[in-house]
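Okay, structure first, notes after.
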Amino acid sequence: MSEFRLDRSAFKLQSAKEAADHDSYYQKMPLQERAKVINYLKSVAYNYPEDNPPRLDRTAFSIRSRRSNG
């Protein structure tokens, strides 16, 4: 199903510098590859199938202007 695997048993405490250096790995990836990784991580975090994400309930949100009309 997925070419990515999340190793839930692995954990490494990192300093802020190490975490920033890790970010450069993803910055060098092509945009489409990064999108695949993000999609996979979201599907694991929110427990939905990677190829069938849930639909956004648009009735739960509303937009209104914060400007006064006067």
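Where the only charges are on Cβ atoms (+1 Lys, Arg; -1 Asp, Glu), what is the dipole of the chain about its Cα centre, to the nearest 20 debye?
Value, rounded to 20: 500 debye.
Mind listing which trypsin sites (Lys or Arg not before Pro) in segment 5-70 are in a DSSP loop and have 11 or fewer other Cβ atoms within 10 Å?
Answer by residue number: ARG5, ARG8, LYS12, LYS28, ARG55, ARG64, ARG66, ARG67.
Go ahead and estimate [θ] at 222 nm for the chain from helices alone: -39,500 (n - 2.57) per DSSP H run with n ≥ 4, summed, over the residue count, rounded to 500.
-12500 deg cm²/dmol
So which GluC sites (Glu not before Pro) in segment 5-70 are both in a DSSP loop and have at most 15 other Cβ atoms within 10 Å of their Cβ?
The qualifying sites are GLU50.
Enumerate the calculated ³J(HN,Hα) couplings along segment 10-18 in order (Karplus 6.51 cos²θ - 1.76 cosθ + 1.60, θ = phi - 60°), each rounded to whole Hz, writing x wherever the residue is Gly or Pro.
Each residue's phi maps through the Karplus curve to give 8, 8, 9, 6, 10, 7, 4, 5, 4 Hz.
Express the C-alpha Rg of the chain as a ratio against the empirical globular expectation 2.2 N^0.38 Å, rounded to two decimals.
1.66
Once the dipole of the chain is set up with Lys and Arg at +1 and Asp and Glu at -1 on Cβ about the Cα centre, which of ALA19, THR59, LEU31 lies farthest towards its positive end?
The listed residue farthest towards the positive side: THR59.
Taking loop as defined by DSSP and a crowding limit of 11 other beta carbons within 10 Å, which chymotrypsin sites (Phe, Trp or Tyr not before Pro) in the chain fit?
PHE11, TYR46, PHE61
With a 1.4 Å probe and every protein chain left in place, work out the accessible area per residue of the chain in Å², rounded to a whole number.
The answer is 103 Å² per residue.
The values are calculated or read from the model by the stated rules, or taken from the named source; none is laboratory data. From a predicted model like this one, the values you see are computed outputs, not experimental measurements. With ideal geometry, Cβ positions are generated from the backbone for all residues, glycine too; neighbour counts draw on all protein chains shown. Quick note on the areas: whole protein, heavy atoms, side chains included, nothing else; ligands and nucleic acids left out. Shrake-Rupley method; radii C 1.70, N 1.55, O 1.52, S 1.80 Å.
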